[in-house]
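Here, each number is a calculation from the coordinates, and none is a lab measurement. Values in this document were obtained by computation on a predicted structure and should not be read as measured data. No Cβ is skipped: glycine too gets one built from the backbone with ideal geometry, and neighbour counts run over all protein chains shown.
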Amino acid sequence: MALRSALVAWRARILSVARPRVAGMTTIADSPTRPAGPVSAGEPLPVAVVGSLSPSRAADFKNCPLLYRFRSIDRLPETPTRDAARGTVVHAVLQRLYDLPAAERTVTAAQAAVTPAWDRLLEQEPELAELFDPAADPEELVAWLDSARQLVANYFRLEDPTRLEPAAREEFVEVVLDGLRLRGYIDRLDVSPAGDLRVVDYKTGAVPREAYEAKALFQMKFYALVLWRTRGVVPRQLRLIYLADAETLSYVADAEELARFEKTLQAIWRAIAQASLTGDFRPNPSRLCDWCSHHALCPAKGGTPPPFPADALRTASNPGAPGRCSVEPAV
Ligand code: SF4
């Protein structure tokens, strides 16, 4: 399929960047406890708290507040899926590809790295072996590994890795802005000789329909905001690489848009903090329920949530390492 490069009207104002703002951190450890009750818009939060958001957790709350609660507060285990495991394997292969000398970054070398990447993943997460039952169907794993190799091959239709030298891969980025800690991992960061930044994210799923492009862009805006606030430069390009369709979507960042996006994230955190004080995390059924592990606990599916934890706000403020997964058909 032909490469599609969609340029979204994020008007570039690369030069008009603000100074990075990194606020001092406070924690809720020594803060007074507030009686449960709603916090109105504009009212200061009743505790000194550093909020914490990753793109995936912020997206969880936007998609379904109850799902956010299950993942970030209750921290319930989730059923592993073949799609998610394949996404992890393919990401690992593409990350390691750039360990090789440029001339050795061939499609053959990359495809040969798929099975070792799966073996390493199994060592780290032995429970993933349950995804396949060789006794019942010995061909399933073979076909699944082949599908991962096809995704890797598709990558070579979009970029020539012998001509790229990423500045960073699987890069952890973090900043605290007005009491909100933003953190996440960027798949790849390219820096041009002129100093322009390009943020690259690999997706093993298909290109979203136009109506869902904003959701894909949410994650990239998040990374662009963190880079802008930490480096003082708006990334020149945000590139999503969809390996299933062998297509890319590219966006141009705009400082004004990122400033508005920062306010959006603050509003999301505020809503999370309020819900954490009241326990009011509502289900929001959608097609994404098809990929949710928690139907048995979801009122929208006839289930009952577990008792709400007393220290929910503290838990939400300390979510641990940012996760990669989200309720999506593929990652
Ligand atoms: S099943 Fe749907 S509505 Fe319920 S928690 Fe999961 S995503 Fe939310």
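Going by neighbour counts of Cβ atoms within 10 Å, the residues W291, W269 line up, fewest first, as W291, W269.
3J(HN,Hα) along region 54-69: 10, x, 5, 6, 4, 5, 3, 5, 5, 6, 7, x, 5, 4, 4, 4 Hz, from the Karplus curve 6.51 cos²θ - 1.76 cosθ + 1.60 with θ = phi - 60°, whole Hz, x for Gly and Pro.
For A112 and D245, a Förster radius of 22 Å and the Cβ-Cβ distance give a FRET efficiency of 0.40, rounded to the nearest 0.05.
In straight-distance terms, cross-link reach from K215 covers every one of the lysines whose alpha-carbon lies under 19 Å from its own, apart from those fewer than eight places away in the same chain; here that gives K62, K203, K263. Label separation (E213 vs F308): 3.9 nm, computed from points 7 Å beyond Cα along the C-beta direction.
Extension gain for A206-Y98 works out to 36.5 nm (0.36 nm per residue, less the C-alpha to C-alpha distance). Charging the Cβ of each Asp and Glu at -1 and of each Lys and Arg at +1, and nothing else, the dipole of region 103-161 about its Cα centre rounds to 400 debye. Under 5 Å from the amide H of D245 lie the amide H atoms of V207, each residue being 5 or more positions distant or on a separate chain, with H modelled from the backbone and absent for Pro and chain starts. Net length available on complete extension from A167 to Q266 is 32.7 nm, with 0.36 nm assigned per residue and the Cα-Cα distance removed.
Each Lys or Arg adds one and each Asp or Glu takes one away; over the other residues whose Cβ falls under 11 Å from the Cβ of V226, this sums to +2.
Using only side-chain charges placed at the Cβ, +1 for Lys and Arg and -1 for Asp and Glu, the dipole size of region 162-305 relative to its Cα centre rounds to 280 debye.
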